[in-house]
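Beneath this line is the structure, given in structure tokens, with notes to follow.
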């Protein structure tokens, strides 16, 4: 018998992270005009949440050094949320100065990754975030919390669902609107995702959770299917599977938005995105970056037309 | 809440189709020695069902013209099934002459694909198969039935679950041991797979069914997860995602055995395959074929080691 999936959402919100998570590791500078065009193309395709930039120290992430300029230059669409990463008060001030619609913070579920990624312990990161979340909220900006390495850490290996639950609970208590569960290195499988969500969902409602998968081991869509079946209705993805390092084979990027949209179409789940326009958006940015399109659905569509 | 998957099998049988379905469309002749090595490597990795060749007319599939020689030269391992495609009596005679352990037949679930692929209607194909199945069974050879295009046809578009059920019923009634449901062009999603299996499983037990996905649109692992959740315990796959045409971007091959094994490991489902050895097998044949390894899990593992 095939199971009935009564919890599966009828509509999903796609959080497009290509302009930020996708581009931040590109080895060559991406022109501001190309970033601007990407935002335009993604909004044209119907995506209504664009993670557009990152207000971090320019020396740490040079590719995002022009986020202020991008926010100032961009053509704001009605109904589209333009979000940015703000790891500290300085970042939040920059985000407020240019009028970001929403901000996001990054915590890690492993101590070693926290140290390597944001130079502090998990507890210290939460102390640092508290005033940022409070100030953002006072300014009327919703805050999104990210948790990295929820299904595995490159330094520590396995991460327990309990560690993720503790951090999720704290980020929500501190005022985050939702928490995005990130399998940063893409090692998780459907089984891991089931175990994690089985631990979280009795306490945290699915409306407070998003999933953020990387397709490093090809498991992202199967993981997303598990999340959908559990009632989660917010999915992070990047057009053309941007992300990772194009010079390191195997260091795959985010799950491709096109592949997610193709899955959702087949499941009859609404998302508001025009797949044809999305594919063109992906092709345009891949052409700028001189990299292959990592979306299998996009490649299949493009191949079918020729 | 995360669903309980009580029907999910505890052990899965992997049908390795790389040596046949994977290699048959390669544009350059693959040396017999490389095919022999591939079978050795796959058996070393623990795969116990190898679809080794195809006894079709050499002009139709030149790449398989040496299947007789391959079967005669191969080093038969105890406990490994060496299978071959035998579309007609002539093919079956060749398979019997070289001692194939099992044979397979191909039917299509769309009339146009049947005409284009095997030059006859679906009804005519069944008439042609009847004496082949009978003769194979008389000779003690089990017969596997394939159905192509179960989730979509490149000429007709949608294929109804009813058409697949009718054909499945007939192939099993004619004596096929099991029927492998093939999404030949890789267009199916988890939703399509659910709808197909919901139509088949009330009549056909999951132990009579296998699934055969191509990763053209990146959906294969999500589809396999649906099949596992419905109790299906036989999965076709090809090492390194062999198959398709390497000169046509987007014409992806079979789902990569490595990616399936990685999924099964995470789900705690037994399969008997050593992933490290499997990755080496995939790397060796990709090197011979001068093509990229299409397994994301394999690329991620190899990248992690460097």
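No value in this document is a laboratory result; all are computed from the given coordinates. Just so you know, these numbers come straight off a predicted model, no measurement behind them. Cβ: placed from backbone, ideal geometry, glycine included. Neighbour counts: every protein chain shown.
Data overview
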| quantity | calculated |
| --- | --- |
| Global geometry of chain B, whether rounded, prolate or oblate, following the gyration tensor of its Cα atoms and the 1.5 cut on a/c | rounded |
| Shielding by partners - mean other protein chain Cβ count within 10 Å, residues of A:256-264 | 3 |
| Among A:243, A:272, A:186: highest mean-square fluctuation, GNM of chain A, C-alpha pairs under 10 Å | A:272 |
| Of all DSSP beta bridges in the protein assembly as shown, antiparallel share, percent nearest 5 | 5 percent |
| Residue with peak Gaussian network fluctuation, chain B [Cα springs, cutoff 10 Å], from B:41, B:276, B:21 | B:276 |
| Whole-number percent relative contact order across chain B, with pairs defined as alpha carbons under 8 Å at least 6 apart | 21 percent |
| Cβ neighbours within 10 Å from other chains - mean over B:221-230 | 6 |
| Residue with peak Gaussian network fluctuation, chain A [Cα springs, cutoff 10 Å], from A:133, A:269, A:15 | A:269 |
| Peptide-level mean, for B:207-219, of C-beta atoms on other protein chains within 10 Å | 4 |
| Residues residue A:97 and residue B:11, FRET efficiency given R0 of 45 Å [Cβ-Cβ distance, rounded to 0.05] | 0.15 |
| Among A:165-174, A:104-113, A:221-230, B:139-148, the order from most to least packed when residues are scored by Cβ within 10 Å on average | A:221-230, A:104-113, B:139-148, A:165-174 |
| Per-residue [θ]222 nm for chain A (sum of -39500 (n - 2.57) over DSSP H runs n ≥ 4, rounded to 500) | -12500 deg cm²/dmol |
| The range B:117-175-the range A:136-152 distance, computed between alpha-carbon centres (Å) | 53 Å |
